[in-house]
Structure formats: C-alpha cells, structure tokens
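Read through the structure below, which is laid out as structure tokens, and then see the notes.
The values are calculated or read from the model by the stated rules, or taken from the named source; none is laboratory data. Just so we're clear, the structure is a prediction, and the values are computed from it rather than from any experiment. As a convention, Cβ positions derive from the backbone with ideal geometry for all residues, glycine included, and neighbour counts pool all protein chains shown.
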Amino acid sequence: MLTPDQLPTPFFIVYEDRLRANLSLITDVARRSGAKIIMAFKANALWRTFPVIAEYCRDCTASSVNELRLGAECLGGEVHSYTPAYTDANIDTFVELSTHITFNSLSQLARFGDKARAAGVSVGLRVNPRCSVIDTDLYNPALPGSRFGVGKEDLADGLPEGVEGLHFHALCESTSHDLAKVLESFERDFGHLLPHLKWVNMGGGHLMTRQGYDTDHLVEVIRGFRERHPGLEVILEPGSAFTWQTGDLVSSVVDVVEDRGIPTAILDVSFACHMPDTLEMPYTPAVAESVGEAEAPGQPEWRLGGNSCLSGDFKAGYWFASPLRAGDRITLRDMNHYTTVKTTMFNGVQHPDIVFCHSDGSCEYLRRFDYEDYKNRMS
C-alpha cells in the first residue's frame, strides 16, 4: 500500500476523510437552513474525486462550456450556469445542458433569454447590491465600474418578463456576518422584485468549513430571509468551502542559496505555476515542517523559492528548527481549492502529480504529468 511519504515529489494530495468532513458540514447547513447548496467548479474541478462529492451533492454551478460539460457528465444533477457574456457560439450548449441560466446584463437577457425559456431553462439575472465586504480589490465584484450584474436603477420599473430568479455574488472566503450585510443591501435595492421570483442565488464565498465560522448564524440568516420571503428557493454556490483544508502540495528542497544573509530553499514546485493565489491574493501558505520564530532561536528567516525564472516566485517568513538541505520535504498546506484549477505550465516546470488518499490511508494516483502534457498544451 502506497503512503504519502513513499511517493516522489512533487504532488498534490487530496484526503478523503477531510473532504467528507467538509461535505457533511455543508449538507448539515443545507438541511438546517433549507437552502440548496451547490458546488462551484471555479474553485475545484478534480472530477475523479466527484464520486465522493456526489454522495452528498450532485448539483453544481458552471461558468464556461468546459465546466458545464464536466458537471453534466460527472455529477449529473442540476447545472446552474453563469458567465459574464454568452455568445452565439456557445449559447446552444448552455441551453441544452443547463437547468438554470443567469444573465449578467439586460442586453444579454434580451438577446438569449427567449431561447433559454423556450427550452425549459429557468432564467435568472445577476444584480449588484454594491455592498463591498472584501478587502482585496482583485476579488471584489462590488467596486465602482464593476462588470458584474445590473444595478437597482436598471430595474426601477420592475422585473423583465420571464425572469424567475436573481443572482448576486459579493463574497470571497467571507463570514455569515458579511452575508448579512450584503443581504441588507440586496433587500433594500431589489426587495420589491422578490414576490415575483422563484429563486434567489446568493453566490459563493460562504466559507462555512473554515474553523471558527459561525454556521449557526449562517443558518439563522438564511432562515430569516426565507421567512421574510416565503416560497423563494435560496441557493448558495460556495467554491472554497467544499475543499477547504482538504489537500496539500508536497515538494522537496532541490538546492539552498544565500544572498546578503538571506537563505532561500529552492523547491521542485513553483508558487507562480502551481500556487498562483499565493502571489495574487497575496498570502503566505502554511508549511507543515516550519516552526514559529520563537521556536528557532539563532536560526534565520527563510525564503522558499519556486523553480521558475520569475524573480518574484518565492514566499518569505518561514523558520525551521534546523537549516534546510537538499532532499528535505516541504509540505505546503491547504493547496486544493483555487490551486489545482489555476495551475500553469509556465517555464515547463514539472507539473505536480495528483494523488488521492483514501480513508484507509492508501494512496492512488489520479493523474501523473509528463512531457507530452506540456507539449500538447502548447499546440
């Protein structure tokens, strides 16, 4: 039986037990709140783990034809589609495979809404509550000039004919209290439309599986909304919550360099290629083998460097009980959500394998990458 410490690096590893724990919590929140909670592929699309996910949830949200097809083929439940702009080239596929389609603008609704309705698809419209609760601008859809959704002034005269639902998305790894703030703005600006609807989609960003998240308050917020608007179906489509803290990226030190007293351990992975959110958000990922500064007296602060040609492909702020050496393993924590879906093959850096660790501790390769994967992606 293969175990993680026997596998050659680099590899992403997903743990079945952790995944099931998240799914159980999400299922419980859905049961207690009465909301439908569906999975967003933009955070995770490791379809070979879907048999586990399907035991708890078969419905999903898709933002591209590729995600749409993946949901239809590999989960088989409802597919709720949203993209900033549909086109003549893809609208027929969306209409064929979607159960719900949300349009981003009134012009898109006018262009394609009749086709969707004629096929029996439930039609929605994205709105912008203009309530900003996100600190990082890169992830904030409520900033002035946002390209996402229509404002209250666009619906002052009422709901366009045939629209059955409203969709808003204003959170990013946020709390239930953030949702309550956004809901206040949403109901103030769009509440007059709610009696005419069948559903409201509250988007993603509900990080209910994070330690310390107040799930009881989330249930209370959703129940309160449903009591104020009886008959409305409430939909949540979190991404990170499904696979939060369910997997790691295991790497090895391949060299150690030092410049002006700053040591850097070069890894066989890349922050730019394999963990882009660490540079975009930015944030410093936890490392299993590191210790606190106080636990490493006399030891320097280390950088971990990616094995690419990008100068900024590193993260700092790590201490270790003893100096790192080539061959040491480095485990970068929580590298499943918004990681595996955003990897690149920049510089042709060896792409990490993908491993699934079953509940009994045995490991299975879901995918191993080689030169042909790089070559085929380039042409």
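Given the condition part of a loop (DSSP other than H, G, I, E, B) and buried (at least 17 other Cβ atoms within 10 Å of the Cβ), answer yes or no: does some residue in segment 29-38 qualify? There is at least one residue in segment 29-38 that is part of a loop (DSSP other than H, G, I, E, B) and buried (at least 17 other Cβ atoms within 10 Å of the Cβ).
Those helices (runs of 4 or more DSSP H) of segment 190-275 in which at least 3 residues are closer than 19 Å to C172 by Cβ, considering only elements entirely within it, cover 215-228, 240-243.
The condition (being closer than 23 Å to I266 by Cβ, more than 27 Å from the chain's Cα centre (by Cα) and exposed (fewer than 15 other Cβ atoms within 10 Å of the Cβ)) is satisfied by just one residue among G327, G312, G348, G317: G327.
The requirement of being hydroxyl-bearing (S, T, Y), outside the structural domain of P238 (by TED's automatic domain parsing) and surrounded by fewer than 16 Cβ atoms within 10 Å (Cβ to Cβ) is fulfilled somewhere in segment 360-369, by at least one residue. Determine whether segment 251-263 contains at least one residue that is buried (at least 24 other Cβ atoms within 10 Å of the Cβ) and in contact with a strand residue (DSSP E or B) (Cβ under 7 Å, 6 or more places away or on another chain). The answer is yes; a qualifying residue exists. Within segment 32-55, the set of residues being of a type in the set (S, T, Y) and in contact with a helix residue (DSSP H, G or I) (Cβ under 6 Å, 6 or more places away or on another chain) comprises S33 only.
Residues checked against (1) surrounded by 19 or more Cβ atoms within 10 Å (Cβ to Cβ); (2) over 20 Å from the mean Cα position of the chain (by Cα):
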site	(1), (2)
G124	yes, yes
P129	yes, yes
V133	yes, no
D137	no, no
E164	no, yes
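Within segment 171-202, the set of residues being closer than 13 Å to P129 by Cα, surrounded by 18 or more Cβ atoms within 10 Å (Cβ to Cβ) and among the small types (G, A, S) comprises just one member, S185.
Check segment 21-41 and report whether any residue there is under 21 Å from M345 (Cα atoms) and assigned by TED's automatic domain parsing to the domain that holds I222. Quick ask: steps written out before the conclusion?
Within segment 21-41, the first condition is being under 21 Å from M345 (Cα atoms), and the residues that meet it are 41.
Next, from what is left, pick out any that are assigned by TED's automatic domain parsing to the domain that holds I222: 41.
Within segment 21-41, one or more residues are under 21 Å from M345 (Cα atoms) and assigned by TED's automatic domain parsing to the domain that holds I222.
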